[in-house]
Structure formats: C-alpha cells, structure tokens
Amino acid sequence: MKIVITGGCGFIGSNFIRYILEKYPSYKILNIDKLTYAGNLENLKDIEKNPNYKFLKKDICEKDLEEFIDDYDVIVNFAAESHVDRSIYQPEIFLKTDILGTFNLLEICKKKNIRFIQISTDEVYGSIEKGSFEENSNLNPSNPYSASKASADLLTLSFFKTYKVGVNIIRSCNNYGPYQYPEKFIPLMITNAIENKKLPIYGDGLYIREWIFVLDNCKAIDIILHKGKEGEIYNVSSEFSIPNIEIAKKILEYLGKSEDLIEFVKDRPGHDRRYSIKCEKIKKLGWSAETDFEKGLAFTIEWYIKNKNWWRKIKYSKSFISHLEKTYK
Ligand SMILES: NC(=O)c1ccc[n+]([C@@H]2O[C@H](COP(=O)([O-])OP(=O)(O)OC[C@H]3O[C@@H](n4cnc5c(N)ncnc54)[C@H](O)[C@@H]3O)[C@@H](O)[C@H]2O)c1
C-alpha cells in the first residue's frame, strides 16, 4: 500500500508512521508536513533513512500539492492546528489549515481517485453531561478548533455523497503518549512536575475527558485503513474517563512530588465539561483499546523523564513561553 500521511511530524502522525513501517515493511509512506511550531523532524529521526519513507515539507493548503501526490492509494490527514487554547486567541489559522487544507486534500482525492481518511476528534460533538455520543449524534462544537474540525468532517462527508470519494472519518478521544507537544495537558503536567513548577489546572479541575494511549489509536486507524467501510464515521475511545485534577494528582504521586504544586487558574472560555463517546462500530471490526490508563501513563512519564532534551528545547523557546503567558494569564 502507498500512503500519504499529512502532519506526520506531529504527535499522533509520527507515532502512526513508525507503527505502520514496523508492521508493514513493504508499505510506502510520503509524509507531508509544513513543520509548524508543533511539527518536529526529531520525532521521526529513527526512521528518516528507511527507503520506504519520504518527507515533503509543504502546507496542505497549497494548490500545487497535487503535483507531488501520484499513484497513492490513500491520504490519511493528521495535519491540523490542534490546540484548543491557541484557537481561542488565534482562530483564523485553524479555519485555514483545518477546513481549507482538508478541502484541498479532498479535491486531490477526487481528481486522482484516492481514498481519504480524516483524523477527527470527539470534540466535534461538544459536551455531554451523562451518557455518550454515537457516530450519528449531532455536531455541537464549542470552540474554533472543534468548529473547524466539525466543518472538515462535513466537507469530507459531502465529497463522499457528491463525488463518491472513498472517505472515512475517525473521531478519537484525547490521546497521550510519547512525542506529544508539551503544551497539551498530560505532557505539560508531567514536564512541569519534573521541574518542580506549578501545574496549572483550569477552573475547578473537574473537567472530564476520555484518554487513549496513542498506540491504541494507531491500531484503530490501521483497522479502518484496512477494513473501514467507505463513507463511515468511526468513534475511537478507551472509554476510560477521569477528571483533569485526578490526572495531575496521579502524575505527582508517580514522581513523588507534593500536591502543593497544583495551581487552579482562570477557566478557559467555552470549556466543555465532559466528553464521552461510544465506539461499538469499530469494536465490530475487531478493535478494542488494550492499554490500561495507569500503565500507559507510567510509560509516558518514563518517556518524558528519559527525553528531557526533546521537550526542554521546546519549553524554553520564546514562542512557547509567550504561549503559556497568553493561556494561563
Ligand atoms: N492529540 C489528541 O489528543 C487528538 C485527539 C483527537 C483528534 N486529534 C486530531 O489528530 C490530528 C493530529 O493531532 P496531534 O495531536 O498529533 O497534532 P500536532 O499538533 O501534534 O501535529 C500536527 C501536525 O500537523 C502539521 N501541520 C499543521 N498545519 C499544517 C499545514 N497547514 N500543512 C501541513 N502540515 C501542517 C504540524 O506541523 C504538525 O506536525 C489532528 O487532526 C487532531 O485534530 C488529536
């Protein structure tokens, strides 16, 4: 199989590329990434010389992108502006990459008869007090990030209905694991705790998310790549949920640090209280999440302990410091 992966230098994309090249040594991958602040070539240093792997530095919004995509079976679109906090103070780039970028890729798939897999999120459904959303639940996004992802989902479905492009949409819950950019909740908590810095927690800390270890999500995407039915949406979740404050406490306990490091900060506007999704559809294809949260979290903490050079370069950059100042005012 010949696969185009966009956004492969980010967190989930880099884990997915490594997973695919290991599992299917004959598959060929073209990774297209603009290398925004979140894209990092170091995430794939160990496989950059693999003869089945090619990298192209390019924006998915560029119109001439199609010249570089010939003879591929499928595009898996991970490329996105992905951080909710940034979408609140800088929404326009989210609309550009997440909506227009997806549109550009869909146009290429239509023209060249290529399958398209959109990597989406459970955030498109919005908040749910009790119970869980299914794939046919209404979309009710609350912030510019989730609204741009929901728009991309609708465009993707429209290309299936109107032009018969073979699409799938994968909506997963929050991922965690190695190579996650340290602005995101779990790596921010881990790296701050390692450095004895305060752990900023929004509001009362009782915001609930479902968490999946990134390799379990990679396996889910693999299943859909091989067994997904055209035009279908698949939810992907561990179905394990926990309030943010409890995650912070678990991290501090693992590292032997005091809970005094926890600092409650002013809440994020439009903050969804709880996300929850059901994923019976993908389970019917033979997938289920395998990694227990405690084990996955311990593995992730150990990875950040061993890879301080990787995240310290990021955390001590001017742009990262300025982002933190804007976010946790
Ligand atoms: N991380 C999560 O918990 C999570 C959960 C559900 C869904 N998702 C979705 O999964 C995908 C990947 O998320 P992630 O956490 O790995 O994100 P990330 O921010 O770590 O990586 C995004 C990657 O996309 C690249 N990129 C951004 N704009 C681009 C553009 N215009 N052209 C080409 N490349 C561009 C960046 O350089 C980066 O390498 C996103 O679509 C996100 O919406 C993430």
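Annotation: of all residues in region 65-95 being without any contact (Cβ under 8 Å) to a residue 60 or more places away in the chain and within 13 Å of the ligand (Cβ to nearest atom), the one that is nearest to Tyr24 (Cα to Cα) is Phe68.
Any chance region 160-170 includes a residue that's aromatic (Phe, Trp, Tyr) and either within 15 Å of the ligand (Cβ to nearest atom) or surrounded by 20 or more Cβ atoms within 10 Å (Cβ to Cβ) (or both)? For region 160-170, residues aromatic (Phe, Trp, Tyr) and either within 15 Å of the ligand (Cβ to nearest atom) or surrounded by 20 or more Cβ atoms within 10 Å (Cβ to Cβ) (or both): absent. Among the residues of region 18-53, those that are among the aliphatic types (A, V, I, L, M), crowded, with 17+ Cβ neighbours inside 10 Å and touching a Cys at 6+ places or on another chain (Cβ under 9 Å) comprise Ile20, Ala38, Leu44.
Among the residues making up region 175-206, those that are on the phi < 0 side of the Ramachandran plot and more than 16 Å from the ligand (Cβ to nearest atom) are Asn192, Ala193, Ile194, Glu195, Lys197, Lys198, Leu199, Pro200, Ile201, Tyr202, Asp204, Leu206.
Check every one of the helices (runs of 4 or more DSSP H) wholly within region 263-329 and list those with 1 or more residues that are more than 22 Å from the chain's Cα centre (by Cα) and exposed (fewer than 15 other Cβ atoms within 10 Å of the Cβ). Step through it out loud before you land on a result.
Numbers: elements: 280-283, 293-306, 308-315, 318-327.
Ranges flagged: 293-306, 308-315, 318-327.
Kindly indicate whether any position in region 44-54 is over 23 Å from Leu95 (Cα atoms), under 17 Å from the mean Cα position of the chain (by Cα) and not small (Gly, Ala, Ser). Yes - at least one qualifying residue is present in region 44-54.
Each residue in region 32-58 was checked for being in contact with a strand residue (DSSP E or B) (Cβ under 9 Å, 6 or more places away or on another chain), touching a residue at least 24 places away in the same chain (Cβ under 8 Å) and either in a loop (DSSP other than H, G, I, E, B) or more than 9 Å from the ligand (Cβ to nearest atom) (or both), and 13 pass. Contact annotation: residue pairs with Cβ atoms under 7 Å, 6 or more positions apart or on different chains, pairing a residue in region 133-161 that is under 19 Å from Ala80 (Cα atoms) with a partner that is of a type in the set (S, T, N, Q) and part of a loop (DSSP other than H, G, I, E, B), are Ser142/Ser127.
Looking at Ile75, Ile60, Ile69, which is the one that is over 19 Å from the mean Cα position of the chain (by Cα) and under 19 Å from Thr156 (Cα atoms)?
Numbers: Ile75 fails: over 19 Å from the mean Cα position of the chain (by Cα); Ile60 fails: over 19 Å from the mean Cα position of the chain (by Cα).
Among Ile75, Ile60, Ile69, only Ile69 is over 19 Å from the mean Cα position of the chain (by Cα) and under 19 Å from Thr156 (Cα atoms).
Residue count for region 74-94 under the criterion of being part of a loop (DSSP other than H, G, I, E, B) and more than 21 Å from Asn15 (Cβ to Cβ): the result is 2.
For Lys266, the conditions (1) modelled with pLDDT of 95 or more; (2) within 20 Å of Tyr207 (Cβ to Cβ) all hold with the exception of (1).
Give Thr102, Thr121 a once-over and let me know the one that is in contact (Cβ under 8 Å) with a residue 24 or more places away in the chain, within 13 Å of the ligand (Cβ to nearest atom) and under 23 Å from Asp70 (Cα atoms). Of Thr102, Thr121, the one residue that is in contact (Cβ under 8 Å) with a residue 24 or more places away in the chain, within 13 Å of the ligand (Cβ to nearest atom) and under 23 Å from Asp70 (Cα atoms) is Thr102. Name the single residue that is farthest from the chain's Cα centre (by Cα) among those in region 1-20 being part of a strand (DSSP E or B) and within 13 Å of the ligand (Cβ to nearest atom). So, considering only residues that are part of a strand (DSSP E or B) and within 13 Å of the ligand (Cβ to nearest atom), the one farthest from the chain's Cα centre (by Cα) is Val4.
For Asn143, indicate whether it is surrounded by fewer than 24 Cβ atoms within 10 Å (Cβ to Cβ), under 18 Å from the mean Cα position of the chain (by Cα) and at pLDDT 95 or above. Spell out the reasoning first.
Values: surrounded by fewer than 24 Cβ atoms within 10 Å (Cβ to Cβ): yes; under 18 Å from the mean Cα position of the chain (by Cα): yes; at pLDDT 95 or above: yes.
For Asn143, the condition - surrounded by fewer than 24 Cβ atoms within 10 Å (Cβ to Cβ), under 18 Å from the mean Cα position of the chain (by Cα) and at pLDDT 95 or above - is met.
Scanning region 102-122 for residues that are of a type in the set (D, E, K, R) and surrounded by fewer than 24 Cβ atoms within 10 Å (Cβ to Cβ) yields Glu107, Lys110, Lys111, Lys112, Arg115.
The values are calculated or read from the model by the stated rules, or taken from the named source; none is laboratory data. A quick note: this is a predicted structure, and the numbers were derived from the prediction, not measured. In this analysis, Cβ positions are derived from the backbone assuming ideal geometry, glycine residues included, and neighbour counts consider all displayed protein chains.
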